[in-house]
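J.: Take a look at the following structure, please.
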Amino acid sequence: MTPWLTIIIDDCSRAICGYELSFLSPSANKTSLCLRHAIWRKLDPQWPVFGIPEIFYTDHGSDFTSKHIEQVCIDLKIQIIYSQIGQPRGRGKIERFFRTLNQKLLSDLAIMLQNKTSVRSMTLKQLDQIVYKFIIEYNHAIHSEVGTTPICRWEKDSFLPQTVESLEYLDLLLLTEAKPRMIRRDGIHFQGLRYFDIVLAEYVSKTVIIKYTPSDITSIRVFYNGKFLCQPICAELASQTISIKEVQHARNKRRASLKKKLKEQKSLIDAVILSSRKNLDLIADDDEIIGVEKPLMNKIKLYRNE
């Protein structure tokens, strides 16, 4: 599986505002997750870049022209500007970042993975940590275009970024994966997993809307009547980061394995039946060769001398 990286960069300071790295191919959902990371405050004090942008420059990709992204921009009062064909606006800045990423990170990473004395593969979590570290270093390195570091340029005018009142409200707008589910006594069942939170006890048999981040479904967000209710977790996966694609891949692999076992079992039964029929045919042939008389059915006697 190939990971995809989506980046949002500030046009003025060249600071990276947010990113999304997962196995999800480019889509409106992936763009939403990247916007979520860019808009909300980061826990890392080295990454003070956040806030709702006034203008959002993008191209005509289907992941940016969807109705969902258009509605998000309306709700957050973001002016979205699409680049003209053949006249990209602002695209060179993001392309320069990816060129720097390729030259300084991915090329060295490829050499390391090809080295027989080093590890030849890594998990998505390990790659995410490497990309995160690179972005922090990039934001704090001198940028030739702005003459200072992107972070210093970002903090130059000491402005207060516009943001939303809560992360739950942001999730309600951005997370496109919404599924209705009925709350059972043991929690909420989704994708073969069980999610539980004590708050759900008061809403047994109620139908709620769940939203989740496809790159990590160890927990889901539950909304009831349009309001955030709670964030139950899957206890078995609480200490891990599992994407929905990994869960679906595991389920498909398990389903294929079960189908194979059933097919093998059916083949075995067919072979036993076929073998049994052949043995019966051999017995019948032997009886005819040896001349064994087959038992005749008893006949009803009509006379005394019979």
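J.: Among the residues of segment 171-192, which ones are surrounded by 13 or more Cβ atoms within 10 Å (Cβ to Cβ) and within 25 Å of A28 (Cα to Cα)?
T.: Within segment 171-192, D171, L172, L173, L174, L175, T176, E177, K179, R181, F190, Q191 meet the criteria.
J.: Separate question: Find the residue count for segment 36-46, including only residues that are part of a loop (DSSP other than H, G, I, E, B) and within 28 Å of I74 (Cβ to Cβ).
T.: Residues that pass the stated criteria total 3.
J.: How many residues, within segment 169-186, are closer than 30 Å to S66 by Cα and in a strand (DSSP E or B)?
T.: Qualifying residue count for the region: 5.
J.: Report yes if some residue within segment 191-208 is outside the structural domain of S25 (by TED's automatic domain parsing) and at pLDDT below 80; otherwise report no.
T.: Within segment 191-208, none of the residues are outside the structural domain of S25 (by TED's automatic domain parsing) and at pLDDT below 80.
J.: Can you find, within segment 4-35, the residue that is nearest to the chain's Cα centre (by Cα) among those that are surrounded by fewer than 19 Cβ atoms within 10 Å (Cβ to Cβ), farther than 22 Å from E155 by Cβ and modelled with pLDDT of 85 or more?
T.: The extreme case among them is W4.
J.: Moving to a separate point now. How many of the residues in segment 36-51 are touching a Gly at 6+ places or on another chain (Cβ under 6 Å) and surrounded by fewer than 21 Cβ atoms within 10 Å (Cβ to Cβ)?
T.: Of the residues in that region, 1 qualify.
J.: Condition (residue is among the acidic types (D, E) and part of a helix (DSSP H, G or I)) applied to segment 187-203: is it met by at least one residue?
T.: Yes: one or more hits.
The values are calculated or read from the model by the stated rules, or taken from the named source; none is laboratory data. What you see is a predicted model; the values in this text were computed from it and never measured. Counting neighbours? That spans all protein chains shown, and the Cβs are built from the backbone with ideal geometry, glycine included.
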